Amino acid sequence: METMIYQGRNGAHMEPIGEWRRTCGAGEVTPELDGQEVILGGWVHEVRNLGNLCFIILRDRTGMAQLTLLKKRNEEMFNRLSELSRESVIMIIGVVKASDKSNLGVEVLPEAAKVLAEAKTPLPLGVADKVGADLDTRLDNRYLDIRKPEVMAVFNIRSTILEAVREVLLSHEFLEINTPKIVATATEGGTALFPMEYFEAPAYLNQSPQLYKQILMASGLDRVMELGPAFRAEEHDTSRHLNEFTSIDIEMAFSDEEDAMYMLELVVDGAIRKVLEKNSRDLALLGVELPSQSLPYPRVTYTECVEKVKEAGLDIEWGDDLSMEATRIVAEEQPPFYFITRWPSKSKPFYALPYEDEPKVCRAFDLNHREKEVTSGAQRVHIPDLLRERIAAQGLDIESFQFYLDAFDYGMPPHAGWGLGTERLVMIVTQKENVRECVLFPRDRKRLVP
Ligand code: AMO
């Protein structure tokens, strides 16, 4: 069989990886490893060629290592590496040397090197550059953008948050489920739907697992969670809205809205604690100090919010939605996380359960962080007739909800749940102002590629 020759940009030989495997990360090379041999692989962050001496900063997801090359030790390797373009991919076998001369207190003296892939020049987006590119350029070249340690930090934190969410919920006996994303019915309002063709039938991308997670409460699965995509055809171009986001959903049977709020507190607090525990380097790269807030988070009723907002001189009537301006006023007197409870039944979806003794108010809640909503949830209507009434009262077509309503006719326990936008939580933890920073490949009105 013929051997493949990988041709590099300058006709250079691109070497196969062969038997070489990394023994540690670049950021894990510490003075304590003095004298040990390591195999590193990563991207060339910077090359400083001083003639007879060359420093290469090698970067991978663990951090940076300084490679020090002496021409007189290995001229062939020196020439090959010192001429590399930034962001080329190399592997080296070298010996660690503790050294006061290097910024990192340690350097690696390569004995052998492989150039695995050369980067074309110029780069569409500088990785080592201090000057920031605009968000569109960054998102267009996301694979390069993520190479920046402070951008990668956001996704390390996002992963920890999802890990913690699963951990907390699994430890409370939630079952992880996956529900269909191609559906026939709207759940969160008919205007924000993405239509699609499903063979001969019209269909939509699901806005939320709402109907399915509720149906499953009639199945005896008892406590379910789903971490999955949700699609909203919202046209507004804001720093908080995406057209595709990752929704964290739970539903729990034999429970009310207080039980759901309690689980939510555990999840949010657990996520923050886990990030503090696992991501100190990422938080430092982002310059973020994460304060933790003691539990329980305060509960403010919708009616109290309206009174506060009125007192502050804003024009608002009971029953109106709470604008950002309004929640900003409410937030002034609250710690960062607080619940807004007891919403007007009319302002929440049909599935929120009205109070028995005061039906114009329902068992719905929002969790806010300062002025922004992070989660909404409720105890649900589980009484079939009331549910039919609520669907009709909101002007929705009963027929299209038949498959959902059926599940309520044969033994549906009381249940409650919530939906939390992953990106909204990541925004809070990383203190990013734009939700697009918190998702790898954001989907918005103007962005479908990459
Ligand atoms: P809601 O529509 O309020 O409720 O959504 C729940 C949470 O999802 C996040 N979210 C979004 N994040 C980014 N971009 C968007 N366009 C977007 N829309 C919503 C927010 C929001 O708080 N079925 C109910 C939940 C439930 O009652 O269980 C629902 O979907 O963080």
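The values are calculated or read from the model by the stated rules, or taken from the named source; none is laboratory data. A quick note: this is a predicted structure, and the numbers were derived from the prediction, not measured. When we count neighbours, we look across all protein chains shown, and the Cβ atoms used for this are built from the backbone with ideal geometry, even at glycine. Remember, those area values only see protein heavy atoms, side chains included, never the ligands or the DNA or RNA. Shrake-Rupley method; radii C 1.70, N 1.55, O 1.52, S 1.80 Å.
Brief remarks on what is shown
- Debye, to nearest 20: dipole size of segment 102-210, +1 on Lys, Arg Cβ, -1 on Asp, Glu Cβ: 220 debye
- Length released on extending from Glu150 to Ala192, taking residue separation times 0.36 nm less the Cα-Cα span: 11.8 nm
- FRET E, pair Asp134, Glu76, Förster distance 41 Å, beta-carbon r, rounded to 0.05: 0.45
- Restraint check, Lys72/Lys97; Lys213/Lys346; Lys213/Lys278; Lys274/Lys372, Cα-Cα greater than 27 Å: Lys213/Lys278
- The residues Lys120, Lys432, Lys274, Lys101, sorted by heavy-atom accessible surface at 1.4 Å with ligands and nucleic acids left out, run Lys101, Lys120, Lys432, Lys274 from largest to smallest.
- Springs between Cα atoms under 10 Å define the GNM used for the chain, and in it the highest mean-square fluctuation of Pro354, Pro149, Pro298 occurs at Pro298.
- Note on Lys130: lysines with a C-alpha under 16 Å away, same-chain residues under 8 apart excluded, are Lys148.
- Residue among Val115, Ala186, Met261 farthest towards the positive dipole end of the chain, charges placed on Cβ: Val115
- In loop segments of segment 155-249 as defined by DSSP, the chymotrypsin sites (Phe, Trp or Tyr not before Pro) with at most 11 further C-beta atoms inside 10 Å of their C-beta are Phe199.
- Check: segment 380-450 dipole with +1 on Lys, Arg Cβ and -1 on Asp, Glu Cβ, in debye: 560 debye
- In the assembled protein chains, Met427 presents an accessible area of approximately 10 Å² (probe radius 1.4 Å).
- Area of Glu399 that stays accessible when all protein chains are in place (1.4 Å probe, Å², to 10): 140 Å²
- Helix axis angle, 149-171 relative to the chain longest principal axis, alpha carbon, degrees: 50 degrees
- The heavy atoms of Asp60 offer some 20 square angstrom of accessible surface to a 1.4 angstrom probe.
- Of the chymotrypsin sites (Phe, Trp or Tyr not before Pro) in segment 353-426, those whose Cβ has at most 16 other Cβ within 10 Å and which sit in DSSP loop: Tyr355, Tyr410
- Helix-only arithmetic for the chain: the sum of -39500 (n - 2.57) across DSSP H runs with n ≥ 4, divided by the residue total, places the mean residue ellipticity at 222 nm at -7500 deg cm²/dmol.
- Note on Ser102 and Ser171: the model spin-label points, each 7 Å out from Cα along the C-beta direction, lie 3.9 nm apart.
- The candidates Asp321, Asp256, Asp269, Asp34, arranged from most to least accessible area with a 1.4 Å probe in the full protein assembly, appear as Asp321, Asp34, Asp256, Asp269.
- Available extension along the chain between Ser280 and Arg370 is 30.0 nm, counting 0.36 nm per residue and deducting the alpha carbon span.
- Cα→Cβ-extended label distance, 7 Å offset, between Leu440 and Lys181, nm: 1.2 nm
- FRET efficiency, Val95 to Ala117 (Cβ-Cβ, R0 30 Å, nearest 0.05): 0.75
- Spin-label pair Tyr355/Asp315, simplified geometry with 7 Å Cα→Cβ offset, distance in nm: 3.0 nm
- Charged-residue dipole, Cβ positions (Lys, Arg, Asp, Glu), the chain about Cα centre, Debye nearest 20: 1860 debye
- Table column - 3J(HN,Hα) (Hz), segment 434-450, Karplus curve with 6.51, -1.76, 1.60, x for Gly and Pro: 10, 4, 5, 5, 9, 9, 4, 10, x, 10, 9, 3, 9, 10, 10, 9, x
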